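The values are calculated or read from the model by the stated rules, or taken from the named source; none is laboratory data. All values derive from a computational prediction rather than experimental measurement. Because the Cβ atoms are built from the backbone with ideal geometry, glycine has one as well, and the counts that use them run over all protein chains shown. These area figures cover heavy atoms from the full protein model, side chains too; ligands, DNA and RNA do not enter into them. Shrake-Rupley method; radii C 1.70, N 1.55, O 1.52, S 1.80 Å.
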Amino acid sequence: MPREKVVRVWDEREVSYSPKRWRYLQEKREKALEIMERLSQFDPQLYGSVARGDVRRDSDIDIFIPYRVPSYLIELALEGLVSRRKIVMATPWHLIKGVIEIDGETTVTFPLIDPTDRELEFYRWGGMIDMWGVKTRQRVPGVNKKLILIIPTERGHIEREVMGRESEVARVLGVSIDIVTERVHVLTRRDSIGRTGIYINEEVPDWMSFEEALKLIADRDPNVRRKVRERGGV
């Protein structure tokens, strides 16, 4: 998907979904639910546009497991679906994650070290819903990559700019004001200077576990080694 730029155009507007858009949402939800049911013992969470409802045809399906689990258990649950495995760390200060790609639009992400409350708030910021919520066709508010707060309605959703109403956004999403101000800073900075790259984005060989791959990275990278020592892992 192309990178989306931060929007500063309107204060608020309502969007009504076409039948095609509702169909895209239903199809992506059904696909997500099949994977979440395989992972049901790990409390899987659907996050992003498929949780909010403001999907497009090319929207990704993103599933997150909110606590550290031995990776082999996740891979056993997804047996036959795994196409690619990666270890990702956005910056030296961010969560170290395992990423399993199912196909071109579907990923399962899980922490390889114990996540902090702030790191879990990142997923609520974008909109996050559990398996029961998916089954009962709930949709949740969240902020998209354009820094627009999406509030679901029966006909579609309401859009509100985040900048200038950070406290309101924190209340609506049930997150701290700190995560709101952090994400505003990151996304506006990225918009002005461009994406600076991901600190770690390494493929895990088929014959190696995520934990073994993380140990190799930690052995050579002091930032990763420190994170692992502070918060468990490998």
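Listed values, structure above:
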read-out	value
Magnitude of the charge dipole, the chain, Cβ model with Lys/Arg +1 and Asp/Glu -1, debye to 20	580 debye
Helix 19-38 axis, angle to the chain major axis (alpha carbon atoms, nearest 10°)	30 degrees
Surface share of carbon and sulfur [accessible, 1.4 angstrom probe, percent] for region 87-149	55 percent
Cβ-Cβ FRET estimate between Ser40 and Asp11, R0 fixed at 35 Å, reported to 0.05	0.30
Degrees between helix 177-193 axis and first principal axis of the chain (Cα, 0 to 90, nearest 10)	90 degrees
Whole-number percent relative contact order across region 109-234, with pairs defined as alpha carbons under 8 Å at least 6 apart	24 percent
Cross-link pairs beyond the 29 Å C-alpha cut-off, checked among Lys28/Lys97; Lys28/Lys146; Lys31/Lys145; Lys31/Lys97; Lys146/Lys215; Lys31/Lys215	Lys146/Lys215; Lys31/Lys215
1.4 Å probe accessible area per residue over the chain, in Å²	52 Å²
Estimated translational D of the chain in µm²/s (Stokes, Kirkwood radius over Cα pairs; 37 °C; 0.692 mPa s)	177 µm²/s
Among beta bridges that DSSP assigns inside the chain, antiparallel share in %, nearest 5	90 percent
Accessible heavy-atom area order of His185, His157, His94, highest first, probe of 1.4 Å	His185, His94, His157
Dipole axis of region 97-228 (+1 Lys, Arg; -1 Asp, Glu on Cβ), positive-most option in Thr136, Gly174, Leu112	Gly174
Nearest 10 degrees, 0 to 90: helix 222-231 Cα axis against the chain principal axis	80 degrees
Residues with amide H under 5 Å from that of Val140, placed H, sequence gap 5 or more	Arg52
Gyration tensor (alpha-carbon) shape descriptor, region 72-184, a/c threshold 1.5	oblate
Value at 222 nm in deg cm²/dmol, rounded to 500, when DSSP H runs of n ≥ 4 in the chain each add -39,500 (n - 2.57)	-11500 deg cm²/dmol
